[in-house]
Amino acid sequence: MKTIGKYIVRGLLGRGGMGKVFKIEIPVIGKIAALKYLDPNPFLVSLMGMKKIRDLFISEAVVMAGLKHPAIVDIWDFDEVHGHPYYLFDLYSHNLGTVMGESYHSERPCRRLPVEKALHYAGQILAGLECMHAAGIIHRDIKPFNILLTDQDMVKICDFGLSKMRGEVFSGPPGLKIGTPYYAAPEQEEQPDQADQRADLFSAGVLLYRMVTGFLPARQRQPIQTLRPELDGAWDDFFAAALAADLQKRFQSAGAMIHALDGLKAAWETRKQKVCTLLEEIPTRLPKDAAQVPPCLRKEPIKVAGKKAQEVLQMDNLRQPCKYFQGDFQTISPELVLDRAANLIWQRQGSAYPLTWLKAREFVAELNRFKYQGRADWRLPTIAELMTLLTPVPEMKDLCLPPVFNPSQKWLWSCDRQSFISAWYVSLEMGYIAWNDFSAYYHVKGVCGA
């Protein structure tokens, strides 16, 4: 498929039960966007019938278009081609599932997020749910892969295919499960038509629990300190209400859950300030047995994909470094940082804004053209070089460390390719390695030998 309507297809982003999501280009202006196209799974058609699926797809677009909130995806256009309706929305490089490292085997552990980051995302998700619930809409499928993230690291809730208006009755086949296992509330799995806004709050509670612990909540939950030592009993109280099977004991509204979350956030900030004030000597966040950076790091770009990538790039199943390296950073000017252990000089700030991969290469070429800081040997770093900047997700005491680099630059491009249309990048904040299409937007830091 080369075009859908007037839009040029540039790749397939994913597929689900109801259809496919394509990366498309808008003619003339060249803007890249996402397009969801109705092309249901034949098994789903046999269960529900094409008319019901079509009605649900159109209803999803109508619901999304009728909501206006910073944490909810905006619909740009709606049309139909050859009997297949589709709608257009902004393309985002990340979703919470990829940031957490969640796979389709949800029961496996995932990456833990920094506590501030988990609170940041949870607050926005709940604010978006509050808007939905005020409009009488229940989402019924809040999960990591349905939480998109902008280049500014803001939340966008998507995929309203299972949503319903308050009081609406779903006319699907009996026994059809609504929602995603592990994230759906107990009452939603048993009687999806009876689920109200509290089912979405349960799912949001599961999501926050997984963000801060890396695990799904068990039926008999152990104290959260056993999974995340820097969290206290107030978090256990919060999750007791968020994940209560008894609807009357659960948070009754998104507003009430936001209020409780704000309490956790304030207590966390107070505790962190006390810890940082009391620490006379701030230890490094790396373990004592952290590897020393090898004297020679690969500086030539490579192309690596598939199963070989884990071995070649030396990362574990969660795409984190098999061994974190001990850097020795020294700020040598307002613009430059020297890593004496790796014998590398880095831009301290790098690009002011996120760039596509091709623009990242142009950015580095410009550094050399104008002999930035008196040098003409700047390059886009390899994954091997970028891995020397990565650290584990910080614990409480590590949060007192002043950042070496600009903390707003969370993702950095490498020169290493994953395919002919994609390249590898790293997450400085989460300490992992991943890949994305050249059209994704990440920051750039030039590097050169010391």
Relative to the compact-globule estimate 2.2 N^0.38 Å (N residues), the Cα gyration radius of the range 339-443 stands at a ratio of 1.09
When all protein chains stay in place, what accessible area (Å², nearest 10, 1.4 Å probe) is found for TYR441?
-> 100 Å²
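Can you give me the % of accessible surface on the chain that is carbon or sulfur? Probe 1.4 Å, all protein chains present, nothing else counted. Could the numbers behind the result be given before it?
Values: 11800 of 21440 Å².
C and S atoms contribute 55 percent here.
Exceeding 30 Å between C-alpha atoms, which entries from my cross-link table qualify? They are LYS323/LYS445; LYS20/LYS308; LYS272/LYS323; LYS20/LYS249; LYS265/LYS299; LYS20/LYS265.
LYS20/LYS249; LYS265/LYS299; LYS20/LYS265
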With the chain treated as a Gaussian network of Cα nodes joined by springs under 10 Å, which of CYS276, CYS131, CYS110 yields the largest mean-square fluctuation?
-> CYS276
Mean Cα-pair separation over length for the chain, i.e. relative contact order, pairs under 8 Å, 6 or more apart, % = 12 percent
How much mean residue ellipticity at 222 nm does the chain get from its helices, if each DSSP H run of length 4 or more adds -39500 (n - 2.57) and you divide by all residues, to the nearest 500 deg cm²/dmol?
-> -9000 deg cm²/dmol
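Viscosity 1.306 mPa s, temperature 10 °C: Stokes-Einstein D of the chain from its Kirkwood Cα radius, in µm² per second? Intermediate results must be reported in sequence, preceding the final value.
On the way: Rh = 23.8 Å.
Estimated via Stokes-Einstein, D reaches 67 µm²/s.
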Select from ASN317, ASN146, ASN343 the residue whose mean-square fluctuation is largest in a Gaussian network model of the chain (Cα-Cα springs shorter than 10 Å).
-> ASN317
No Cys partner within the rule (Cβ under 4.7 Å), the chain = CYS110, CYS131, CYS158, CYS296, CYS322, CYS415, CYS448
Long-range amide H partners of ASP141 with built H, under 5 Å | none
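Give me Rg over Rh for the range 9-146, both radii from the alpha carbons and Rh done the Kirkwood way, two decimal places.
Working: Rg = 16.4 Å, Rh = 16.9 Å.
Here Rg/Rh amounts to 0.98.
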Candidates MET257, MET100, MET48: whichever shows maximal mean-square fluctuation once the chain is modelled as a Gaussian network with Cα springs under 10 Å | MET48
Just need log10 I(q)/I(0) for the range 57-209 at q = 0.09, 0.12, 0.16, 0.19 Å⁻¹, Debye formula, equal scatterers on the alpha-carbon atoms, no solvent, rounded to two decimals.
-> -0.28, -0.51, -0.92, -1.26
Three-way shape label, the range 1-85, alpha-carbon gyration tensor, a/c 1.5 | oblate
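The values are calculated or read from the model by the stated rules, or taken from the named source; none is laboratory data. In this text the structure is predicted, and so the values were computed from the model without any measurement. Heads up, the Cβs are rebuilt from the backbone with ideal geometry, glycines too, and the neighbour counts pull from every protein chain shown. Surface areas here come from the heavy atoms of the whole protein model, side chains and all, with no ligands, DNA or RNA. Shrake-Rupley method; radii C 1.70, N 1.55, O 1.52, S 1.80 Å.
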